[in-house]
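Encoded as structure tokens, the structure appears first; notes follow it.
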Amino acid sequence: MNLKNIKNWDAKWICKIYNLQIPSFLQWVIKIFTHLCSNIIWLPIWGILFILFFRNSVLIQFLLSTMVIDLFIELPSKFFFKRRRPFVSPYPKCKINKRDIMKAKSNSSFPSGHAMFSMEYLFSFALYSSGIFQISFIIFWIILALFIGFSRVYLGVHFPTDVLIGFLLGIIVVIITIFLFPYIQYILFIGLSYSGL
């Protein structure tokens with residue numbers, strides 16, 4: 001499959017998803033809940049909660065680690081590829097307007113950070129929760145990841161391949177974090193001990 005075929009596939013599917021007839025109330029639900037997996041929103045929130053309440057939570061330590069490692073993959077990728085978002089791109093064969101209430105036109109489309117983050121959440125909870133909570137969290141995050149992926153395309157801010165590659169990169173971030181996590185925990189222990197927290 002060459003680049004032209006991928007662009008054609010993207011152009012076809014973004015039009016199909018974007019032009020779905022969804023009631024206005026549900027559109028607002030999509031606009032709000034699409035940001036449940038926004039690194040910009042949740043990294044500082046989880047960081048504060050970690051410092052104040054959850055310093056000993058391995059789950060929160062791992063999740064924060066994925067979020068930081070994510071930035072070292074997502075941001076350079078966006079800078080390198082500089083793919084224009086669908087609402088300013090010439091590729092779609094239909095008119096795409098930006099529906100997302102939080103995205104700026106200058107941001108790059110590839111990959112979808114929300115899709116990456118949804119996978120990081122999914123695997124963090126899958127690895128570090130247990131029992132009925134583990135099964136519940138896995139089911140919840142699979143549904144949420146699919147919803148997030150759909151919403152990013154429906155809102156006109158990502159092509160389908162941005163989302164699919166975002167899912168893949170999120171899994172890669174988790175794998176990298178698994179290998180680095182013992183070292184990260186050691187650094188956290190030394191840092192928290194030194195700071196007196």
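Quick look at the values:
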quantity	calculated
Where GLY156 falls short, out of the listed (1) closer than 21 Å to VAL173 by Cβ; (2) in contact with a Pro (Cβ under 6 Å, 6 or more places away or on another chain)	(1)
Some residue of segment 103-119 being closer than 24 Å to ASN19 by Cα, in contact with a Gly (Cβ under 6 Å, 6 or more places away or on another chain), among the basic types (Lys, Arg) and without any contact (Cβ under 8 Å) to a residue 60 or more places away in the chain	no
Hits in segment 88-108 (condition: within 19 Å of ASN8 (Cβ to Cβ), loosely packed, with under 12 Cβ neighbours inside 10 Å and modelled with pLDDT under 80)	PRO90, LYS93
Failed item, numbered, when ALA115 is tested on (1) at pLDDT 90 or above; (2) touching a Pro at 6+ places or on another chain (Cβ under 7 Å); (3) among the hydrophobic types (A, V, I, L, M, F, W, C)	(2)
Per-region count, segment 41-89, residues part of a helix (DSSP H, G or I), free of Cβ contacts under 8 Å to residues at least 60 places away in the same chain and more than 19 Å from TYR128 (Cβ to Cβ)	13
Identity of the residue in segment 1-40, free of Cβ contacts under 8 Å to residues at least 40 places away in the same chain and among the aromatic types (Phe, Trp, Tyr), that ends up surrounded by the most Cβ atoms within 10 Å (Cβ to Cβ)	TRP28
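The values are calculated or read from the model by the stated rules, or taken from the named source; none is laboratory data. From a predicted model like this one, the values you see are computed outputs, not experimental measurements. Using ideal geometry, Cβ is built from the backbone for each residue, glycine included, and neighbour counts are taken over all protein chains shown.
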